[in-house]
Every structure is written in C-alpha cells, then in structure tokens.
Amino acid sequence: AAPLVVARSTAIAAKRGLLIRNRASFEGARNLDAIVFDKTGTLTEGKFGITDIKMVESSEEEEVIRLAASLEAQSEHPIARGIFEEAEKRSIKLTEPENFQSITGKGLKGSVDGKRVMVVSPGYMEEERVSYDVDTYQKLSGEGKTVVFVLVEGELSAMIALADKVRESSKEAMKRLKELNIRAMMLTGDNKQVANWVAKNLDLDEVYAEVLPHQKADKINEVKEEGMRVAMTGDGVNDAPALANADLGIAVGAGTDVAMETADVILVKSNPNDVVSIIALSKATYRKMI
Ligand code: ADP
Ligand code: MG
C-alpha cells in the first residue's frame, strides 16, 4: 500500500503546483534542518527596474543605456531584463553584440559597434581595481538597490542602480520555518548591503553575500558537514550546482531551465511558501506509511 500513498501524494502535490521529480529527496523533506534560499528571483520577485543612473562625466546617458542594453539583450538574468526594458521604454535601438560572453556571477562583456563594453558587479570592479565613487555606491546599495557598472573600452561610463521587491510570500514562509525550527539561510551573488537589507526585512538566520556559483555549492556541503539536512531553493543557472549538492533541490518555476532540470522538486507557482508545503506534505505522506 505504501507506494500507492506516495503516488497519491505526488498527484495531490502536482495539483497544488509542486512537481516532485525525485521521491527519495521528497521523503527526506520531513527531516530537514535548514533551508538555503537564493535571493534574486527566489526570495525576491526577480523583476528589476532601473532607479538611478549615475553618469561619469563625458558619457551620454542614452548611449550608455544603448551599449549596456545591447549586451544585456543576450542574457536571461533579471538584471539584464531590467536594463533591456529601460532601453525599450526609451525606444532606444539596439545592436547585436559581437564576441558576447558572460562572466559567471560577475556580469557580461562583448563588443557593440566596435566598442568593448562590459556590465559588471562591484566585486569585479574591486578585483580589477577599477575605481568608482564609493560614496554614491554605498548610498544606493544601502537603500537595498543592486548596482552594476558599465565600462566602455575599460573606462567606467556609468553606475546603474536597480531595485527588486521582496516577495510578500517570502515573509510568511520565513515565519513558518521559524515555527518549525528550521534554519533559514540566504546565499546571493549580489552585494552585502543589499543582502543584509533583505535579510533584515525577512529576519533570516544566516546570510552569505557576494558568493560565486561554485561557492554556493561549497556552502551547501559545509552545512551538510555540520550534520544538518539541507534543502537549497533557487531559480538561476548559478544555483544549479548548489541544487545538485543539497539533500533536496527546489527550483522556482519561473526560473531557468537549468535550475529545473537539476532540482528534485519544482515550485510551479514560484511561491516560497510552497517550500513549507513540501515539508508538510512529506510529513503527512510518510507518516501514513509507517
Ligand atoms: P544572485 O545570486 O543574486 O542570483 P548572480 O550570481 O546571478 O546573483 O549575480 C551576481 C552579481 O553579478 C549581480 O549582482 C551583478 O552584479 C552581476 N551580474 C550577473 N549577471 C549580470 C548581468 N547580466 N548584467 C550585469 N551584472 C550581472
Ligand atoms: Mg537567482
């Protein structure tokens, strides 16, 4: 009778928008100690809009947006969509870049109309020792905004700030995890200020910012080595290695194909509260069997 109960649960789950791809991991969901969440697109809506554009003298705003958006048109990242939509709003005509390349967890580069263009993270700026106005940067990121830098021919042209929204459902989910005594953690490639801003908003137990994709995967292993059973929840290509390492990998349905192919469970409704529903359903299913 046991497999029947499981089959029925799988069907019930599917109806509620939880696609179970790996039953063994689903069974383990009832014993989880910690859940790690990606930030962008998972705890937040992943819909960035540009809020501020800080030009470096001598560069022209429309031109900088045109160059940046021409590159970003090639990327699936939520930041990319935000910059691309700004160009659309202003009816700026884009060109197809040459030698387009994404720099994992740090941004993109390519050549637009013969100019070398890059859109990169603060971490990249630090590594390459490109200087920028730190006060402006701190002010923007202190407001919970994600800041990226546009470089043209290796020179800084502009700082672009984008804002995302914390999902309302994330707040509820974090509250319920607390009641279940499950640790809520966040891993993000975004900067520390933005990460702390979200963490405070959601009252998370632990936060790790400015982590590269392979570091997300390593962090999952560290949590496991501490003896915790851990789930990872994410939406991006950059979350896939961590989803694979976790005891339970949960992909947000609105996310990328790579995340969904790697996950054990898919949240069709992209609602973090459904992580709690998986735990409850796993408990209900496997209690009946014993
Ligand atoms: P997250 O963990 O929040 O999903 P990522 O690892 O995807 O973040 O990205 C980390 C950082 O790299 C971003 O905050 C941004 O600074 C930079 N970045 C990534 N992709 C892009 C892009 N398409 N355009 C500009 N910057 C990007
Ligand atoms: Mg993400």
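The values are calculated or read from the model by the stated rules, or taken from the named source; none is laboratory data. On a predicted model such as this, the values are computed, not experimentally measured, just so you know. So basically every Cβ, Gly included, is an ideal-geometry build from the backbone, and we count neighbours across all protein chains shown.
Table: residues versus (1) part of a helix (DSSP H, G or I); (2) in contact with a Ser or Thr (Cβ under 9 Å, 6 or more places away or on another chain); (3) within 16 Å of ligand 2 (Cβ to nearest atom).
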site: VAL194; (1), (2), (3): yes, yes, yes
site: ASN221; (1), (2), (3): yes, no, no
site: PRO241; (1), (2), (3): yes, yes, yes
site: VAL258; (1), (2), (3): yes, no, yes
site: ALA280; (1), (2), (3): yes, no, no
site: THR285; (1), (2), (3): yes, yes, no
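Consider region 65-76. How many of its residues are surrounded by fewer than 24 Cβ atoms within 10 Å (Cβ to Cβ) and either within 18 Å of the chain's Cα centre (by Cα) or not in a helix (DSSP H, G or I) (or both)? So the answer is 4. Answer yes or no as to whether ASP247 is among the charged types (D, E, K, R), touching a residue at least 40 places away in the same chain (Cβ under 8 Å) and in contact with a Gly (Cβ under 6 Å, 6 or more places away or on another chain). Criteria met by ASP247. From the list LEU212, LEU204, the one residue that fits, being surrounded by fewer than 23 Cβ atoms within 10 Å (Cβ to Cβ) and under 24 Å from GLU172 (Cα atoms), is LEU204.
Of all residues assigned to region 92-100, none qualifies as being in a loop (DSSP other than H, G, I, E, B), modelled with pLDDT under 95, in contact with a strand residue (DSSP E or B) (Cβ under 8 Å, 6 or more places away or on another chain) and more than 16 Å from ligand 2 (Cβ to nearest atom).
Taking the stated definitions as given, is ALA184 assigned to a strand (DSSP E or B) and of a type in the set (Gly, Ala, Ser)? Considered against the rule, which asks whether it is assigned to a strand (DSSP E or B) and of a type in the set (Gly, Ala, Ser), ALA184 comes out as yes.
The residues in region 255-278 that are surrounded by fewer than 19 Cβ atoms within 10 Å (Cβ to Cβ), among the β-branched types (Val, Ile, Thr) and away from ligand 1 (no atom under 16 Å from the Cβ) can be counted, and the count is 1.
Can you tell me which residue is nearest to ligand 1 (Cβ to nearest atom) among those in region 48-84 that are modelled with pLDDT under 95 and of a type in the set (Gly, Ala, Ser)? Looking at residues that are modelled with pLDDT under 95 and of a type in the set (Gly, Ala, Ser), I get SER75. Taking region 30-58 as the range and being in a helix (DSSP H, G or I) and in contact with a Phe, Trp or Tyr (Cβ under 9 Å, 6 or more places away or on another chain) as the test, the residues that pass are ARG30, THR40, LEU43.
Looking only at region 234-254, how many residues end up being under 20 Å from ILE279 (Cβ atoms) and within 12 Å of ligand 1 (Cβ to nearest atom)?
5
For region 223-239, the set of residues classified as modelled with pLDDT of 95 or more, part of a loop (DSSP other than H, G, I, E, B) and either buried (at least 24 other Cβ atoms within 10 Å of the Cβ) or of a type in the set (A, V, I, L, M, F, W, C) (or both) consists of MET228 only.
Of the residues that sit in region 31-42 and are more than 9 Å from ligand 2 (Cβ to nearest atom) and crowded, with 24+ Cβ neighbours inside 10 Å, which one is nearest to ASN238 (Cα to Cα)?
PHE37
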